[in-house]
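Coordinate-derived values only; no laboratory data. Quick caveat, the model's predicted, so the values are computed rather than measured. All Cβ positions, even for glycine, are placed from backbone atoms using ideal geometry, and neighbour counts span all protein chains on display.
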Amino acid sequence: MPAWYLDEPLVDPILHSFYVGAFWQLDSERQISKDVIGKIPWTKAIDFAERVGFGEEMANAFWLIISEMDAGYLNWQKLEYQRAKSQSKKGDGDEEVERTERKPMKR
């Protein structure tokens with residue numbers, strides 16, 4: 001196995017499930033237009049943290065985790081958009097090309 005994999009910290013499956021679930025719930029709160037995917041709003045993440053009973057310190061930690069997940073997701077969306085755009089330029093029009101219509105806002 002690669003060294004980077006072996007060096008990864010173990011994450012409690014319950015915590016992993018909580019943060020992934022929270023991320024996808026908060027995903028619906030972002031602003032989206034035809035060409036732009038916005039970031040998850042800080043206010044929505046803090047509201048979520050308060051609803052689950054986090055105090056100020058935990059809510060701030062929650063925001064750091066969610067915002068890092070969001071940055072990774074937006075980067076992936078940007079790469080998918082660029083990939084689809086380059087594939088559509090390469091196509092001769094006969095084949096069907098999957099397109100990603102939205103791209104993330106610049107940070």
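Look at LYS85, LYS90 and count the other Cβ atoms within 10 Å of each Cβ; fewest to most, that gives LYS90, LYS85. Cβ crowding within 10 Å, taken as a proxy for footprinting-reagent exposure, orders ILE32, ILE37 from fewest neighbours to most as ILE32, ILE37. In plain terms, the chain from ASP47 to ASP27 could stretch by 5.8 nm, reckoned as 0.36 nm per residue minus the Cα-Cα distance.
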